[in-house]
Amino acid sequence: PIEDVQRRRSRGKSVCRKSWEGRRQGSGTDLGGGMAARTSVRWRQATASMLTLAAWALSLVFHWPTAVTLARVAFRSHVKAEIADIASVVCEGVIFDVLVRVGRLAAIVLHEGAHFMAAWWLLRPRSSMWRMSVAGGGAALATHALHHLTPGMVCSGIAVELPSCASERSGPWSLAIVKFAGLGFSMLLPLPAFFLICEAEEHGSAALAPASSALLIGTVLAAAGALLSDLPCGPLLGVPVPRGCFCCGNWGLLAPRDGLGDTGKAHKSLFPSVCERLLSGVLEVVELRGAQAGGVVTFVEEARGQAVAVRSRTVKPKRGHLATLLFKQFRWELFKRRVFGLCRRRARPHPVVLAQGHSRFGTSSSPAEIETHPHQWLGPQREMVWAYDAASAAWSRKEAEVCVTITHNGDFDGWELYGSTIPNSTLGEWLSRVLHRRNHAKGDSPKLAGLMDLLVCQGRWLASVRYAFVMSVMRHTDQASAWAPLDPKAPNSVPERAFFAEVARAFDATFSKVIESNPDFKPDVPGIAGLVELVSSELISALSGKWHQVFQAWNMEGGVLREFCERACKCFFEHDLMGAVYEFFSRAEGTFGISVSCTLWPNSIVLAAKGQPISLAFDMERPLAFWSSEPGSLLASWPCTAKNARPKRAAEARWDLSDATGEAVELRVFEHGTAQGHMNAWAQNRLPGKLESVLFFATPGIDVTQERRHHILVRGASLAHAELEPVALDHDAFMQRWIDLWVRPEKVSRKHSDSSIVASDADTSPTRSDADMSPPRRVSIAYGSGECYGRFNTAHLHARRYWAKHGCGSSL
């Protein structure tokens, strides 16, 4: 109500006036309050330092129990002078160290057993969800346990990991019991060892006392490890991490080149300076999530208009500005491509500017360049690809460079395959065998890049054949390593890349014959069935003799061969960028805020959010779209290039992805014509598949019948139940989360009266209905910022209407 607004304004004025008078008069109360505040801050800093030192000490003795043994031997030898012989010192120290490690290992096993029993009783998870933190099966676990018992060795912990999907069916109390069951059990374990020592002292058993002391110390060390690992906010009751602090951030931009200049001229540089300055302003806010390292990738043109990716990654030193260092190195990479490239490989500006960036704080791996986003597993590769033009419904074949790039914010836990979940720790070894290329990065995001290289198949027979072999012929992940545990020393039993290339050539030759005989080929159900029949009948005869042995070894005949051909044909037509992202989320476990691009579609970018926020900003007059993990960064100003131009915001509106339930959207730039014409052409000539119902639409406020040089259209789908039929995002649902970023009204000349100023200012303000539509969904992680904006905007409009009605111009 307007009375509350006025009351808050008057209270704020009185508080400010009293504060200013107190500071001006130098009151002792203000001085004493400042000293008390500074003393409180120093006390908190000292307490935090002491807790940190204690955590380091606990971590040292937990991971290296020999430190306790050495301290005991030194105490007995030098203080009590009980041991004089060196051989006796060494022998007793080794025995005591082994006993301490036995007690420690037994306590860790019981600790994890308490977690397991509590989860089994309360959560009832599937057995396939359980996995150990030690990869490699029983033999690797036994080796790890032997390493724990070896005197003098530094040893890590052993943990039973439960994926997040098992906890979705339970409440917070059940999760809390499961989480603290191991901690409580570990804190109680030293009691039996203590009672055992008391019994040994009462009965005077000299042989039992050292063993009991060693077991007691081992259980105490395990309890120290439990304190370090199982407390809700880190070591020794540290400060909880604020909600929304996710330690990484995605950002980027998509815009036609000729709309970036204020003078109407297209920028001739490979990466326009206005884009660099705009993204630097966005990064000023996003880097609050983490600024240890960052990277960016863009597309440029080479011979015959083919798009290639140029990537730059940098790790920030101890002192420095991430945006300055990143774009300085990025400009150098572009300069090398443009100046030092051969005539055929020399880079030229692409008509559409796409920037895909990421800033990082090392969580799953160290802040090294190899761990920095954007990630590519296979990198650039030359392939024969087929392109489908939805406007003309025509196919074309060409040789192009294929490069899939991703950025990821969140935690990638595992990927479901063959009825079980492959944990991230072993997924990299499996991908290195399937894709025939090893990626030495240790983080979780490079594995996501490898899966996107496996899934993006549209127009690529080589990728389609490889994906069909993995999904239809292979039946278990260990088949990739000849049924041995997946580790770097295991062999690679997947057929070599030349086999997939030969099979892809056979598919390509058959499809070329089909297109020659029927240029209007439609990949509907009858069309795909006919193509499968042709490929199945001609595949074996088209291959050379040495590849027949591979077919026999993998039992690729009869129904298996037909299933292989059918899956290869389907993913050849269905798995574009959007289809690949949707297929990935149907099997993925974890939290994700990702962006995916490919050189085959240089005018498109796919953004997906599930458990991590991503917000988009639009200026449809240029047109321009950019995105960020921090909604506040989308208020960045547009870097004006024209003289005497007033600064203004780069975006007119904001839209947040539904990160709580999961959502994926694709932004694509279409050239010439009308937006309605492009939407109709896509609806009529789109390729069939699982995402057939996901259509492009225009953003609010755009005249779809107006002819323009470029249009940015959007399509999207919910990821809430990605394994089922997709729920498409339409224009009405998109409009419900459309937030207008209203700019400050222009200054009004003071020649008029105050009442006319208020009236004219109120006329230019947004309506009440616009303000009510501002907040996004309440389930969104980004709801808080939208709610605050809507509440402030509504109260502000009430105040303007009230003052305009009552003629309170002087108050305004």
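The values are calculated or read from the model by the stated rules, or taken from the named source; none is laboratory data. Bear in mind that the values here come from a model prediction, so they are computed numbers and not experimental data. Positions of Cβ are generated from backbone atoms using ideal geometry, with glycine treated the same way; all protein chains shown enter the neighbour counts. Side chains included, ligands, DNA and RNA excluded: accessible areas come from the protein's heavy atoms. Shrake-Rupley method; radii C 1.70, N 1.55, O 1.52, S 1.80 Å.
Results, tabulated for the structure shown:
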| quantity | calculated |
| --- | --- |
| Failed item in (1) assigned to a strand (DSSP E or B); (2) under 13 Å from residue 589 (Cβ atoms); (3) open to solvent by 10 Å² or more (accessible area, probe 1.4 Å), with residue 398 passing the rest | (2) |
| Which listed residue is charged (D, E, K, R) and closer than 27 Å to residue 400 by Cα, from 557, 563, 574 | 574 |
| Pairs, first assigned to a strand (DSSP E or B) in segment 417-431, second of a type in the set (Ser, Thr, Tyr), C-beta under 8 Å, six or more apart | 417/477; 420/128; 421/128; 422/477 |
| Any hit, segment 439-457, residues being under 30 Å from residue 523 (Cα atoms) and either open to solvent by 10 Å² or more (accessible area, probe 1.4 Å) or outside any helix (DSSP H, G or I) (or both) | yes |
| Those residues of segment 327-361 which are within 23 Å of the chain's Cα centre (by Cα), of a type in the set (A, V, I, L, M, F, W, C) and modelled with pLDDT under 90, in sequence order | 361 |
| Strands (runs of 3 or more DSSP E) wholly inside segment 594-643 that include at least 2 residues being on the phi < 0 side of the Ramachandran plot, over 14 Å from the mean Cα position of the chain (by Cα) and buried (at least 23 other Cβ atoms within 10 Å of the Cβ) | 615-619, 624-628 |
| Any pair with Cβ under 8 angstrom, 6 or more apart, that starts in segment 534-549 at a residue that is modelled with pLDDT of 80 or more and ends at one that is open to solvent by 70 Å² or more (accessible area, probe 1.4 Å) | 534/513; 536/562 |
| Qualifying residue in segment 149-157 (condition: closer than 22 Å to residue 425 by Cα, in contact with a strand residue (DSSP E or B) (Cβ under 9 Å, 6 or more places away or on another chain) and at pLDDT 65 or above) | no |
| Residue match in segment 487-510 (condition: of a type in the set (Asp, Glu) and touching a Pro at 6+ places or on another chain (Cβ under 8 Å)) | no |
| In segment 666-694, the residues that are surrounded by fewer than 17 Cβ atoms within 10 Å (Cβ to Cβ) and of a type in the set (A, V, I, L, M) | 683 |
| Residue 324 being of a type in the set (Ser, Thr, Tyr), closer than 26 Å to residue 637 by Cα and surrounded by fewer than 19 Cβ atoms within 10 Å (Cβ to Cβ) | yes |
| Candidates 109, 102 - the one that is open to solvent by 60 Å² or more (accessible area, probe 1.4 Å), within 30 Å of residue 418 (Cα to Cα), of a type outside the set (Phe, Trp, Tyr) and at pLDDT 80 or above | 109 |
| Hey, residue 435 within 25 Å of residue 397 (Cα to Cα), surrounded by fewer than 22 Cβ atoms within 10 Å (Cβ to Cβ) and at pLDDT 90 or above or not | yes |
| Residue tally, condition closer than 18 Å to residue 420 by Cα, among the small types (Gly, Ala, Ser) and open to solvent by 10 Å² or more (accessible area, probe 1.4 Å), over segment 458-484 | 1 |
| Residues of segment 626-674 that turn out to be among the hydroxyl-bearing types (Ser, Thr, Tyr), at pLDDT below 90 and closer than 30 Å to residue 389 by Cβ, as a count | 0 |
